[in-house]
Amino acid sequence: MFDFFKTKKQYQDLSGQAFKQLLTENTNTVLLDVRTAGEYHQGAIKGALNVDIMGADFQKKVAGFDPLKTYLIYCRSGNRSAQACNYMAGLGFRNVYNLSGGIGSFPR
């Protein structure tokens, strides 16, 4: 009835298992950790690039990324990474995926 209130999400939330599977199967993937540097240094998924979504240079860094690649994005709980996915999708990135539940849901 009120479809105009709904905004279509332009990224996909993935479970930890699906996120890991896409990471291992897709060679054109960039793994982004959007937590702070302190959080990143406490433990990150191997191969992740740390780009703090709260950092002053986040938008500048993202603007330099290749929009044709696949981006797997995570944070502590899944909220900041969802914001990053939404922002990147708004810039025209079509293959952005959020780790639902954050780094704790990633199978080790």
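Figures for the structure shown
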read-out	value
Residues located in the stretch 16-29, provided they are touching a residue at least 40 places away in the same chain (Cβ under 8 Å) and either within 17 Å of residue 80 (Cα to Cα) or of a type outside the set (D, E, K, R) (or both)	16, 17, 19, 22, 23, 26, 28, 29
Residues satisfying the stated conditions in the stretch 84-102, i.e. buried (at least 17 other Cβ atoms within 10 Å of the Cβ) and either part of a strand (DSSP E or B) or under 11 Å from the mean Cα position of the chain (by Cα) (or both)	84, 85, 87, 88, 89, 95, 96, 97, 98, 99, 100, 102
Inter-residue pairs, beta-carbon under 6 Å, first surrounded by 17 or more Cβ atoms within 10 Å (Cβ to Cβ) and in the stretch 30-46, second part of a helix (DSSP H, G or I), 6+ apart	33/40; 34/80; 34/81; 34/84
Pairs, first aromatic (Phe, Trp, Tyr) in the stretch 81-96, second in a strand (DSSP E or B), C-beta under 9 Å, six or more apart	93/71
Hey, residue 3 at pLDDT 95 or above and either in contact with a strand residue (DSSP E or B) (Cβ under 6 Å, 6 or more places away or on another chain) or over 22 Å from residue 92 (Cα atoms) (or both) or not	no
Boolean, residue 53 is touching a Lys or Arg at 6+ places or on another chain (Cβ under 6 Å) and either modelled with pLDDT of 95 or more or surrounded by 20 or more Cβ atoms within 10 Å (Cβ to Cβ) (or both)	yes
Residue match in the stretch 53-64 (condition: assigned to a strand (DSSP E or B) and either among the charged types (D, E, K, R) or without any contact (Cβ under 8 Å) to a residue 60 or more places away in the chain (or both))	no
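The values are calculated or read from the model by the stated rules, or taken from the named source; none is laboratory data. Since this is a predicted model, take the numbers as computed values, not measurements. Positions of Cβ are backbone-derived with ideal geometry, glycine not excepted, and every protein chain shown enters the neighbour counts.
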